[in-house]
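This report refers to the structure that appears directly beneath it.
FYI, it's all coordinate maths here, none of it is from the lab. What you are looking at is a predicted structure, and each value in this text was computed from that prediction instead of being measured. Every residue, glycine as well, gets a Cβ built from its backbone with ideal geometry; the counts of neighbours run over all protein chains shown.
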Amino acid sequence: MSTQLLQDFPELAHLSREDLEELLVDPAYFQAIFHSLERVKALYQDQAELGMANESIARQNLTLQEPLYKLRSDTKDAFDEAKRLEARWKEVEKEQREVYQRFTPQFLLMRLKHATTAQDELSEALATSFINASPDSWTSNGKDVDDFVKEFRELRKTYHKRVIWGDRWTAGEVD
């Protein structure tokens, strides 16, 4: 018997040469001897322990599966909501810029100038209608004339206030 074989597998030292030759030709005998070796038993034991450890880990993973699916769903919902809110944020910012633009100094000055022009046109239209009216429509006590003068003065007063504010604004005297 080979000394190398006995060094590698001392468990086989008690077998005779005929038994060793029989191992080579009889697969059932080989399997019986092979599975009786301590190294093979230890290997199968380690394999069984690893299998049980894997099964334990798999069971633990299965218990975590449902909470993980729920967490994934909740995370997706939160992400989708964040994207929706981000889009809404952009809309609100655009609306805000449009609203704020109506209150920029340039826009307000433009509105003042338009209002001044409109006020001038209104007072001039009142004066033109009064001048074009026949003197017969004026009452004898002068009430219509007094009413015209009073209304015309208020319109012109507002016009001149707007002109003054516009001039001051243009001169940089308004904050």
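Quick notes
- The GNM of the chain, with springs linking C-alpha atoms under 10 angstrom apart, assigns the highest mean-square fluctuation among LEU24, LEU71, LEU155 to LEU24.
- GLU95/GLU121 FRET efficiency (R0 45 Å; Cβ-Cβ; nearest 0.05): 0.85
- Label corresponding to Cα extents along the principal axes in Å when calculated from the structure given, among [x] 40, 37, 31; [y] 155, 34, 23; [z] 45, 34, 26: [y]
- Across the chain, the relative contact order, built from alpha-carbon pairs under 8 Å that are at least six residues apart, equals 16 percent.
- In the chain, helical runs assigned H by DSSP with n ≥ 4 each contribute -39500 (n - 2.57); averaged across all residues and rounded to the nearest 500, the mean residue ellipticity at 222 nm is -29000 deg cm²/dmol.
- Once both labels are positioned 7 Å from their Cα atoms along Cα-to-Cβ, the gap between TYR44 and THR104 label points is 8.7 nm.
- Table column - 3J(HN,Hα) (Hz), region 106-121, Karplus curve with 6.51, -1.76, 1.60, x for Gly and Pro: 5, 5, 5, 5, 4, 4, 4, 5, 5, 5, 5, 4, 5, 5, 4, 5
- Put a plus charge on the Cβ of each Lys and Arg, a minus charge on the Cβ of each Asp and Glu, and nothing anywhere else: the dipole of the chain about its Cα centre is then about 1740 debye.
- Highest-MSF residue in the chain out of ALA125, ALA87, ALA13 [GNM, Cα springs under 10 Å]: ALA13
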